[in-house]
């Protein structure tokens, strides 16, 4: 028998007791001292599994049968759970999901950062279904499957899952995946349309169609009729993000409101906005409460985007200095500051991953700092943050490991204390973890 034939033989099944959840939310146990990761299992369960990938130090496996079930187990709401790769935790109740995320955060801080928070923040929670206002949907015309597929990738595979609806997308999109696919079936460019970006504003839902060939007149009419029927605003993207244009001349400006701060923020359909509107509002409230800005203070915000934090900060601070690497977002932030009467905001464009040793935006005393970096974290800018003399830093993170790495530097290298840390459930039912941490300078 050849090596290729041996690889094709069905893997031998086994039984494992699930001890914990790994960072990707798969259950993990040990068989003969070797770790086995089994999707869709929970701690305390005994599972019959089938290996799908064998490595020297661990096996990855699919769940065959449960011999015992956790009291934390629930029936997934989505009919496509387990096939679609969008969610990983629908089989766990809400408290179990939050516990998993909090444990992952605290474990990263201890293991990677060698730090412990003096106080654990209660998790920020809000709507658990229909919350996702930004998404990238794959599109693929597959004749053997009856036409166009619209949705997320299958779990562990490059193929687009055959979805009838999505329970985590805003309902105006999640309940119309079939209608969207059927409309695309009628386009002449149906095989030249690989993805759709969803951007749900407070006033309208924008759909950005990536088109590899220009739509003809009939295509444009079909798209316009679909937009009218379902109250969508449709955009076309023939090239990079700079090529995005509305299908019609009457596309409304997109915005979301922050009523607690009497603020309205305008954005483009390809701009970064926080996925979950409810958690975003709670995150802003908590960040400002923890920062405790006084009317005499100057606040520095790094990775500031289009003004999500800076407009609320401007309501209490004497001055807000913002720094963002993307010039177009800084222009949007300046426009949002003007439209919201926030004339105490000073906006700068700078590459925070290759910062100057003495940047111009740090030529004045800084009292407090708010930072919201991408997944890669903020290690490159930490020396400038420490040199600013800020007494308090609120750090919003989308990746526990890079937060932990940066926390280690702030605490052990620059003399800050980690006073608070906790998770924000920005992505319910997924393994994605958003968190917030507070660092204070000096002795307790």
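The values are calculated or read from the model by the stated rules, or taken from the named source; none is laboratory data. If you're wondering where the values come from, they're calculated on a predicted model, not measured in any experiment. Note: ideal-geometry Cβ built from the backbone for every residue, glycine included; neighbour counts use all protein chains shown.
Restrict the check to the range 169-176 and report whether at least one residue is assigned to a loop (DSSP other than H, G, I, E, B) and surrounded by fewer than 14 Cβ atoms within 10 Å (Cβ to Cβ).
Scanning the range 169-176, I find no residue that is assigned to a loop (DSSP other than H, G, I, E, B) and surrounded by fewer than 14 Cβ atoms within 10 Å (Cβ to Cβ), so the answer is no.
Residue check: is residue 196 crowded, with 20+ Cβ neighbours inside 10 Å, more than 20 Å from residue 134 (Cβ to Cβ), at pLDDT 95 or above and in contact with a strand residue (DSSP E or B) (Cβ under 7 Å, 6 or more places away or on another chain)?
no
What about residue 431, is it over 25 Å from residue 98 (Cβ atoms) and assigned to a loop (DSSP other than H, G, I, E, B)?
Considered against the rule, which asks whether it is over 25 Å from residue 98 (Cβ atoms) and assigned to a loop (DSSP other than H, G, I, E, B), residue 431 comes out as no.
Answer with yes or no whether residue 131 is closer than 19 Å to residue 79 by Cβ, touching a residue at least 24 places away in the same chain (Cβ under 8 Å) and surrounded by 14 or more Cβ atoms within 10 Å (Cβ to Cβ).
Taking the combined requirement at face value, the residue satisfies it.
What is the number of the single condition among (1) more than 25 Å from residue 259 (Cβ to Cβ); (2) within 26 Å of the chain's Cα centre (by Cα) that residue 391 does not meet?
Only one criterion in (1) more than 25 Å from residue 259 (Cβ to Cβ); (2) within 26 Å of the chain's Cα centre (by Cα) is unmet by residue 391, namely (2).
With the structure loaded, tell me whether residue 218 is under 23 Å from residue 251 (Cα atoms) and either modelled with pLDDT of 95 or more or not in a strand (DSSP E or B) (or both) or whether it fails that test.
yes
Among the candidates 122, 157, single out the residue that is part of a loop (DSSP other than H, G, I, E, B), under 30 Å from residue 417 (Cβ atoms) and out of contact with any helix residue (DSSP H, G or I) (no Cβ under 7 Å at 6 or more places or on another chain).
After applying the criteria, what remains is 122.
Pick out the one residue from 389, 422, 377 that is modelled with pLDDT of 95 or more and either in the same structural domain as residue 40 (by TED's automatic domain parsing) or closer than 22 Å to residue 293 by Cα (or both).
422
Residue 181 - would you say it is closer than 29 Å to residue 93 by Cα, surrounded by 14 or more Cβ atoms within 10 Å (Cβ to Cβ) and in contact with a strand residue (DSSP E or B) (Cβ under 6 Å, 6 or more places away or on another chain)?
No.
Of the residues 147, 138, 113, which single one is touching a helix residue (DSSP H, G or I) at 6+ places or on another chain (Cβ under 6 Å) and at pLDDT 95 or above?
Step by step, each of 147, 138, 113 is checked, and only 113 is touching a helix residue (DSSP H, G or I) at 6+ places or on another chain (Cβ under 6 Å) and at pLDDT 95 or above.
Just the residues that are crowded, with 24+ Cβ neighbours inside 10 Å and assigned to a loop (DSSP other than H, G, I, E, B), please, taken from the range 384-425.
425
Take the residues of the range 145-154 that are outside any strand (DSSP E or B) and out of contact with any strand residue (DSSP E or B) (no Cβ under 6 Å at 6 or more places or on another chain): which is surrounded by the fewest Cβ atoms within 10 Å (Cβ to Cβ)?
Per the criteria, the residue is 146.
Out of the residues in the range 103-115 that are in a loop (DSSP other than H, G, I, E, B) and out of contact with any strand residue (DSSP E or B) (no Cβ under 7 Å at 6 or more places or on another chain), state the one that is surrounded by the most Cβ atoms within 10 Å (Cβ to Cβ).
113
In the list 265, 306, 362, 291, which residue meets the criterion of being within 22 Å of residue 410 (Cβ to Cβ), in contact with a helix residue (DSSP H, G or I) (Cβ under 7 Å, 6 or more places away or on another chain) and in contact (Cβ under 8 Å) with a residue 24 or more places away in the chain?
362
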